[in-house]
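The structure under discussion appears below in the form of structure tokens.
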Amino acid sequence: MNKLWALKKSIWVYHVCSGSCNNCDIEILDCLTPKFDLERFGILLVGSVRHADVILATGSITRKALPRIKRVYEQMPKPKLVIAVGGCACSGGIFKNGYNIVGPYDKIIPVTAYIPGCPPKPEAIIDGVVKVINSL
Amino acid sequence: MNRKTIIPIGPYHPLLEEPEFFELEVEGEKVIDIDVHIGYNHRSIEKIAESKTFDQMVFLVERICGICSTSHPIANCNAVEDLVGIEIPERARYIRSIVGELERIHSHLLWAGLAGHFIGYNTLWMWVWKYREPILEIFEAVTGNRNHYAMMIPGGVRRDIKEEDIPVVLKGMDEAERKIEMVTKAVLDDPVLAARLKGVGVLSREDAINYCAVGPTARASGIPIDVRRDEPYAAYGLVNWEIIIREEGDVFAKVVVRLLECFESIKIIRQCLKRLRTVKGEIAAKVKEIPPGEGIGRHEAPRGEVFHYVKSDGSNRPVRLKVRAPTYVNLPTCKATVPGESIADAAIILAAIDPCYCCTERIVTINKRTGKRELNGQDLLRLSRKKTEKICKNMGKRNV
Ligand code: SF4
């Protein structure tokens, strides 16, 4: 048992997006709405990264967003868990070769888990988060 | 003494849609000016398109936006077909319209939910998004994916709607119609919503014309423009439907236009499905060679007209792709609608054009006088919700 066990009960997620097509973002929101209802597991989407245990990151980082992403990561309390959601966040996806793209995320910040898909289904996102919780 | 305060909203959004950056100049409670900065989500799509073949380009433009994820492909295919000069088979026309209209329903519902969220009606948000889910399920059944359907291809569509899928869609439509009717009635009858949204952020007819507004934003100001009718493509010229117009131009009118448009979409889908039963044949015309030249394509996306321009030099890759999305022209209308309103109303007025908004989480207020004063997106939402609560209280109603 390590000290991360405290996270297991109820993790709070913060959602960062940069240079996505915002479909992944909608699917993340979808997880919160009645059909999937993440909150019953104690997973809550919070408005500030300072309250968050996990960052759900979408999109392939754009040049303009880069300093913001770094800052968000710095502001996050430890342990810093980052889950890359969607093909863009995992590998740069279809935008990989764009001149304005500096991502994917694991080039910039450490990433804990990857959820591929374009966009991943809400079930996949929930599954990914649960796997991260179980691995703690 | 300079009492002006600048409130930047943005740049990028944690909640939804593309990042944008608004700067509100306020005096006390009142907004006196607004400025918009865009370009925070620039992914260099037009440049990347030059490295793709015409077939691949469709998948790329599909990923411009996750909400109108079939609008850009339709406009793009229209452009390529215009360039090549081919007609698409009739069956493909109906399928295109069905996918396009299903998307309009899901997009309008999504927006209605978010609008509710902005004014502190989270019940409406959860409610509407619950009813949006079955539409996504239909998408999954028909196209294979919940979003990013990958249905379009220059010359037609990639996947047929099978005979056995038609009853599924029809049943889904019946259900959706019932639910949307319920939501519409609830919204129209709600005194709090009326007090909160009526007469707020009025965009006059003249302003709408001067700012070249498109889509529901223009139609709520009494301008009957709609590419589907003005320049019919796909199956829109072959079915009966009406343009929804409201004269008031306020936020409430925009809500009404969007909700009523859902019913027209359902009407179109039903007619198209009926024809699909009789119209058989190919679903895509063969595009053999793309000649040098230029083509333009338009499509009425949920937010307004999407415009694509494609230039070819005769090879299998485009030389240039130019995209004009509806929000790009709708956004400046906030210059006419927001000044003069209170800060608490700014969020919903900006949201009313259904832009890629939702960036409220990163708002920081800077007071010119003291140099500093923090008010972030949460505060703006709070202000907005407080106002709703106050109205509720005055009416003796409990907020939801
Ligand atoms: S992975 Fe696909 S759906 Fe997700 S942001 Fe990227 S392009 Fe959009």
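Any read-out appearing in this document is the output of simple, stated calculations on the displayed coordinates, not a laboratory observation. In this text the structure is predicted, and so the values were computed from the model without any measurement. Quick reminder, even Gly has a Cβ in these numbers, built from the backbone with ideal geometry, and neighbours come from all protein chains shown.
Data table
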quantity	calculated
Number of the condition not met by residue B:94 [criteria: (1) in a helix (DSSP H, G or I); (2) in contact with a Phe, Trp or Tyr (Cβ under 9 Å, 6 or more places away or on another chain)]	(2)
Selection count where residues are within 8 Å of the ligand (Cβ to nearest atom) and either closer than 22 Å to residue A:75 by Cα or touching a helix residue (DSSP H, G or I) at 6+ places or on another chain (Cβ under 6 Å) (or both), scope the stretch A:20-30	3
Condition met for residue A:55 (buried (at least 24 other Cβ atoms within 10 Å of the Cβ), within 12 Å of the chain's Cα centre (by Cα) and within 19 Å of residue B:122 (Cβ to Cβ))	no
Subset of the stretch B:176-194 (residues that are farther than 15 Å from residue B:264 by Cα and either within 20 Å of the chain's Cα centre (by Cα) or surrounded by fewer than 18 Cβ atoms within 10 Å (Cβ to Cβ) (or both))	B:182, B:183, B:185, B:186, B:187, B:188, B:189, B:190, B:191, B:194
Subset of the stretch B:59-88 [buried (at least 23 other Cβ atoms within 10 Å of the Cβ), more than 8 Å from chain A (Cβ to nearest Cβ) and in a loop (DSSP other than H, G, I, E, B)]	B:68, B:70, B:88
Hits in the stretch B:124-138 (condition: under 16 Å from residue B:348 (Cβ atoms) and surrounded by fewer than 24 Cβ atoms within 10 Å (Cβ to Cβ))	B:124, B:125
